[in-house]
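What follows is one structure encoded as structure tokens, with my remarks underneath.
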Ligand SMILES: Cc1ncc(COP(=O)(O)O)c(C=O)c1O
């Protein structure tokens, strides 16, 4: 390589250590995407691939949106960067006011960061700081859930419940406990929408409270619909019960809406879909349509105000990122809010969700299909393992890509979450290809 590193060797895939990837396997047989528009990607050879996963659950308004590009470009021309520590820039305040206006209940304040992982760690820290500020600094325990995914920070993996994301990384945060997951295929297999059974699993929080005492517990964090573990909608009534138990014991409820936020269920947030309002909400991904990395934590008024009780000249929260409320991210996030509104994309998602449900459940009799779940414009398909855990899932994912579809695979589960701009014919294409991939990889 040259001294500046400016002249990489063509087609040398070695230097990039790819995240969440089997690097050696990938580099022997790479899958590259080099162009995107609307609901499609193209490979460097010009092969078209329909995006069944909105990238990584993030390109909700579809690829290559000119409006977002124009907003980012205009912002870049005006001002590239401004700090948000003891300084501000107008776009951050405008964006927070817009978010507050669209959020349910008294979720009236926004703290910005750059990813879902940062949002989760921020929310956990806000919960601890809030309790401390009101004289309940003994509330330090954090409760997550088995099979939960809350990103890859140490806070997120501690409350998370996906074993491979945890087991390599030592002891993590102390004082963390986990609720049981809600995946009950024995009772709920092939449920359409919310499964019937399992609301009582929320009562496990009472058991945890009895064990540790409520006075030691700061917060419970769950994904309203667990995404990365294979898309698990909550059992009917589960979130309502969790909310009631948290309220009863003064425990903050955090909804991790990194994938459910910004329209995935046909409402702005899962909190709207379920009519259950958390104390804190984490978001990322669809917040900026993935054009400029951004995450956020939305807080109830009471929590924000609870953190405003020190001297007026004292910093309220010793936390923040150089790129909190980055002007380019704020410009992108504002432009995507316009798109969501002008094109009615959340309602479009709601309107298409039944068609999607019928489509994905039409695959139930294919070889090796053990379970199918859906909600909004997303779904998961469990395949029977064959030749070791994940082998069949991977083979099906690769086959789908060869046939022209991007899906997400974890173990032997396929997850799909197409952009909210898809039409019925796109859904037909996605379902057709995933069905062919399941058959051909069987
Ligand atoms: C529910 C949830 N929380 C947090 C994250 C982490 O987000 P990021 O990858 O932006 O750090 C994800 C990512 O998929 C997620 O699904």
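Just a few scattered comments:
- Residues that are over 18 Å from residue 102 (Cβ atoms) and in contact (Cβ under 8 Å) with a residue 40 or more places away in the chain, drawn from the stretch 251-262: 251, 252, 254, 256
- Residue check for residue 148: outside the structural domain of residue 413 (by TED's automatic domain parsing) and under 22 Å from residue 410 (Cβ atoms): yes
- Filtered by the rule that a residue be away from the ligand (no atom under 13 Å from the Cβ) and part of a loop (DSSP other than H, G, I, E, B), the stretch 249-268 gives 250, 251, 263, 265, 266, 267, 268.
- Qualifying residue in the stretch 391-398 (condition: surrounded by 17 or more Cβ atoms within 10 Å (Cβ to Cβ) and touching a helix residue (DSSP H, G or I) at 6+ places or on another chain (Cβ under 6 Å)): yes
- Residue 348 being outside any loop (DSSP other than H, G, I, E, B) and under 23 Å from residue 421 (Cα atoms): yes
Let's see how each residue does on (1) within 15 Å of the ligand (Cβ to nearest atom); (2) assigned by TED's automatic domain parsing to the domain that holds residue 81:
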position: 287; (1), (2): yes, yes
position: 293; (1), (2): yes, yes
position: 299; (1), (2): no, yes
position: 304; (1), (2): no, yes
position: 317; (1), (2): no, yes
position: 336; (1), (2): no, yes
position: 348; (1), (2): no, no
position: 360; (1), (2): no, no
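- Test: residue 33 is away from the ligand (no atom under 16 Å from the Cβ), under 30 Å from residue 433 (Cα atoms), out of contact with any strand residue (DSSP E or B) (no Cβ under 9 Å at 6 or more places or on another chain) and not in a helix (DSSP H, G or I): no
- Given (1) crowded, with 19+ Cβ neighbours inside 10 Å; (2) within 19 Å of residue 49 (Cβ to Cβ), index of the condition residue 375 fails: (2)
- The residue of the stretch 131-147 that is surrounded by the most Cβ atoms within 10 Å (Cβ to Cβ), among those that are closer than 19 Å to residue 242 by Cβ and touching a helix residue (DSSP H, G or I) at 6+ places or on another chain (Cβ under 7 Å), is 144.
- Qualifying residue in the stretch 290-304 (condition: assigned to a loop (DSSP other than H, G, I, E, B), within 30 Å of residue 37 (Cβ to Cβ) and in contact with a strand residue (DSSP E or B) (Cβ under 6 Å, 6 or more places away or on another chain)): no
- Checked against the criterion of being closer than 28 Å to residue 158 by Cβ, assigned by TED's automatic domain parsing to the domain that holds residue 415 and either away from the ligand (no atom under 16 Å from the Cβ) or surrounded by 22 or more Cβ atoms within 10 Å (Cβ to Cβ) (or both), the candidates 42, 57 yield just one match: 57.
- Scanning the stretch 305-319 for residues that are buried (at least 17 other Cβ atoms within 10 Å of the Cβ) and in a loop (DSSP other than H, G, I, E, B) yields a single hit, 307.
The values are calculated or read from the model by the stated rules, or taken from the named source; none is laboratory data. Predicted model only: the values in this text are computed from it and were never measured. Because the Cβ atoms are built from the backbone with ideal geometry, glycine has one as well, and the counts that use them run over all protein chains shown.
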